[in-house]
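To keep things clear, I will list the structure first and then write my remarks on it.
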Amino acid sequence: MTTDRSTTTASAAGPAGFTTTWDQGVWCLLATGPWDLDGLASVQAEIKAIAGPGSSPVPATGEPASVRVDLSDVSALDTVGALLLHQMCARMQAAGHRIQVVGVPQHHRGLLDVVWRAAGAPPPPPPPASSWHNDRLVHVGRSLVDRWVKTLQLLAFFGVVCIALGRVLANPRRIRLAPLFYHLDHAGLRALPILGLLAFLIGIVMGYQGIVQLGKVGAEFLVTDLLGIGILREIGSLITAIIVAGRSGSAFTAQIGTMQVTQEVDAMRTMGLDPLELLVIPRLLALIVALPLLTFFANVIALFGGAVMTYVLFDMNFLEFFSGIPGGALDVHDATLGLIKAPLFAFVIAMVGCHEGLQVSGSAESVGLHTTRSVVEAIFLVMVINALVSVIATALGI
């Protein structure tokens, strides 16, 4: 394939134009940019260069050629652009060239059909029907590529955040205390009611199921070991992280995303301020401090819920229940492992929430889309990290 460098080349984001290539005996004209009233002058100049008097888009062989006009990169199209496109194709056909119009976006096809029929020409043929299997394969392929690109972007953001965090910790005076305490209040203190309620209910459910199942073999007294290990080692930190990801992680994305839409983040960069230090680091540090405390609170409340259910069903008083937890199968590693995982969960939740917020562009719909993504991605990564830490801890005998 060779490219004609003499023809003006424009991108979809720039002025309207053509990129011309010679591909296996077919001269390809890739239309780019906005083909509308605003780009009228640029479009007319391009058409005159390609299909005007004394000009030809094909090599000077003196024979008719096949010309393929591709509209897949046209960013905007109105009646003026559709009419000019028809006139260009009509001139080429009058010169004896065989014209094929392809890549018409679905949202532009209706306008193009109406304009070309009004001009007395048949509209461009629709794209060939694709099979269901091909569509599924294309969708799966694009989804995999999209996931891979987003993973690389998240890893790059992780590196940038680590550098910014190191820079701030090396000079603590750069830490902005006002937003730090603000997010400590909103992500930590104000999360206590909902977290306490859910932890209490989870403790009740685990206590009830534990007593019922252990009672089948006459081992109800082991319910303290079940609740102690299950809540302190796994459930407490995991449930806390999931609740915080849905509550605070989504809030981080929505807040920063709204600032992106209103161009406040761009204004910070214009003033020479680093959005990472202003927006990301305070949220990250606040969540790293708050989540272990929230996990400890959730553990205590969940154990209290389990103690209530144990008292109701098994007639074990609170003193027996709480004194039996450290004296049974539970050891210090089980009690601390959940708290050790909490800062890792906090880092991931804050990083994903801020990253998705900075990816917002253009509209309120984008804010909602990236908020949903941040919650899903944060919960997924929390589950992955929890599984990895559990496997590693078990392998090390912790």
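The values are calculated or read from the model by the stated rules, or taken from the named source; none is laboratory data. In this text the structure is predicted, and so the values were computed from the model without any measurement. As a convention, Cβ positions derive from the backbone with ideal geometry for all residues, glycine included, and neighbour counts pool all protein chains shown.
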Checklist outcome for this item: The helices (runs of 4 or more DSSP H) lying wholly within the range 213-308 that contain at least 2 residues that are at pLDDT 85 or above and among the β-branched types (Val, Ile, Thr) are 236-244, 250-261, 264-270
Next on the checklist: Suppose the filter is more than 21 Å from residue 385 (Cβ to Cβ), in the same structural domain as residue 222 (by TED's automatic domain parsing) and among the hydrophobic types (A, V, I, L, M, F, W, C); does residue 340 pass it?
Outcome noted: no
Checklist entry - Which one is surrounded by the fewest Cβ atoms within 10 Å (Cβ to Cβ) among residues in the range 346-382 that are of a type in the set (A, V, I, L, M, F, W, C), within 10 Å of the chain's Cα centre (by Cα) and farther than 22 Å from residue 281 by Cβ? => result 376
Checklist entry - Which residue out of 353, 306, 362 is at positive phi and in contact (Cβ under 8 Å) with a residue 60 or more places away in the chain? => result 362
Checklist entry - Does any residue of the range 96-105 turn out to be buried (at least 20 other Cβ atoms within 10 Å of the Cβ), at pLDDT 75 or above, part of a strand (DSSP E or B) and touching a Cys at 6+ places or on another chain (Cβ under 8 Å)? => result yes
Item to check | Complete set of residues in the range 106-127 that are crowded, with 16+ Cβ neighbours inside 10 Å and either modelled with pLDDT of 80 or more or not in a helix (DSSP H, G or I) (or both) | outcome: 123, 124
Next on the checklist: Cβ-Cβ under 8 Å, sequence separation 6+ or interchain: first residue in the range 68-97 and on the phi > 0 side of the Ramachandran plot, partner not in a helix (DSSP H, G or I). Which pairs?
Outcome noted: 96/64
Checklist entry - With (1) at pLDDT 90 or above; (2) exposed (fewer than 14 other Cβ atoms within 10 Å of the Cβ); (3) under 25 Å from the mean Cα position of the chain (by Cα) as the list, and residue 140 as the residue in question, which single condition is left unmet? => result (1)
Checklist entry - Of 195, 184, which residue is in contact (Cβ under 8 Å) with a residue 12 or more places away in the chain, farther than 18 Å from residue 351 by Cβ and surrounded by 13 or more Cβ atoms within 10 Å (Cβ to Cβ)? => result 195
